[in-house]
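Accompanying notes for the structure given below.
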Amino acid sequence: MAAIAVLAVVGLAAVLVIRAQRLPDSVRPILWDNEVCAQCGMAISDPRFACQLQTSEGDVYDFDDPGCLLTFLHRHRPRIHAIYFHALVGSAWLKYPDVVFLRGQQTPMEYGLGAGATGTPGALDFAAARNYVEARGKELRKGVESREQRAVQ
Ligand SMILES: [Zn+2]
């Protein structure tokens, strides 16, 4: 019985080591124009708004717009290993939670948020950005519905 318990502990440790080795410790490179957003299905072409979610299960999801990633979090509630947002300016990737969001940007899916370094004046923090995207998503869906209604009339 003790031997089985020892084997179970060793087995669990081995699984944890394998999982720890498999989880990435940086952003996985995105193949621009060849990979699609996990939320909206559009090609990821503009690095300024690209972002990536890595789950504790080892899944990696890429997005074309921070709004798409935040919508995905809201809908699927994944266990987060890491989240990276490409900076609006420059070539750096900003790792959650060291990121803030600037409004009024022309983003691929019209959510309007670009990522910046913490301390940027006037920016939204992560929680505020999630609320903003939820409200913006409703607004965008309403816009699509009214366009569809106009098309029917
Ligand atoms: Zn998207």
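The values are calculated or read from the model by the stated rules, or taken from the named source; none is laboratory data. This structure is a prediction, so every number in the text was calculated from the model and none was measured. Virtual Cβ from ideal backbone geometry, glycine too; neighbours counted across all protein chains shown.
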Exercise. Out of Val100, Val60, Val89, which single residue is touching a Ser or Thr at 6+ places or on another chain (Cβ under 6 Å) and among the aliphatic types (A, V, I, L, M)?
Worked result: Val100
Seminar exercise, completed: Of the residues in segment 39-65, those that are in contact with a helix residue (DSSP H, G or I) (Cβ under 6 Å, 6 or more places away or on another chain), closer than 16 Å to Thr107 by Cβ and either of a type outside the set (A, V, I, L, M, F, W, C) or crowded, with 19+ Cβ neighbours inside 10 Å (or both) come to Gln39, Cys51, Phe63, Asp65
Problem set entry | Filter pass, Ala127 being of a type outside the set (S, T, N, Q), more than 22 Å from Arg28 (Cβ to Cβ) and either in contact with a helix residue (DSSP H, G or I) (Cβ under 6 Å, 6 or more places away or on another chain) or at pLDDT 95 or above (or both) | yes
Exercise. Listed residues Ala50, Ala123, Ala127; which is among the hydrophobic types (A, V, I, L, M, F, W, C) and more than 14 Å from the chain's Cα centre (by Cα)?
Worked result: Ala123
Exercise. If you check Tyr132, Tyr84, which single one turns out to be among the aromatic types (Phe, Trp, Tyr) and surrounded by fewer than 21 Cβ atoms within 10 Å (Cβ to Cβ)?
Worked result: Tyr132
Problem set entry | segment 89-112, residues that are farther than 13 Å from Val27 by Cβ, away from the ligand (no atom under 12 Å from the Cβ) and surrounded by fewer than 21 Cβ atoms within 10 Å (Cβ to Cβ) | Val89, Gly90, Pro97, Asp98, Leu102, Arg103, Gly104, Gln105, Gln106, Gly112
Exercise. Quick check: is even one residue across segment 57-74 within 17 Å of Glu35 (Cα to Cα), away from the ligand (no atom under 16 Å from the Cβ) and assigned to a loop (DSSP other than H, G, I, E, B)?
Worked result: yes
For this session: Please tell me if Ala82 is under 28 Å from Glu139 (Cα atoms) and at pLDDT 95 or above.
Result: no
Exercise. Looking at (1) in contact with a Leu (Cβ under 7 Å, 6 or more places away or on another chain); (2) in contact (Cβ under 8 Å) with a residue 40 or more places away in the chain, can you tell me which one Arg103 breaks?
Worked result: (2)
Seminar exercise, completed: Within segment 1-27, of all residues that are assigned to a helix (DSSP H, G or I) and small (Gly, Ala, Ser), the one modelled with the lowest pLDDT is Ala20
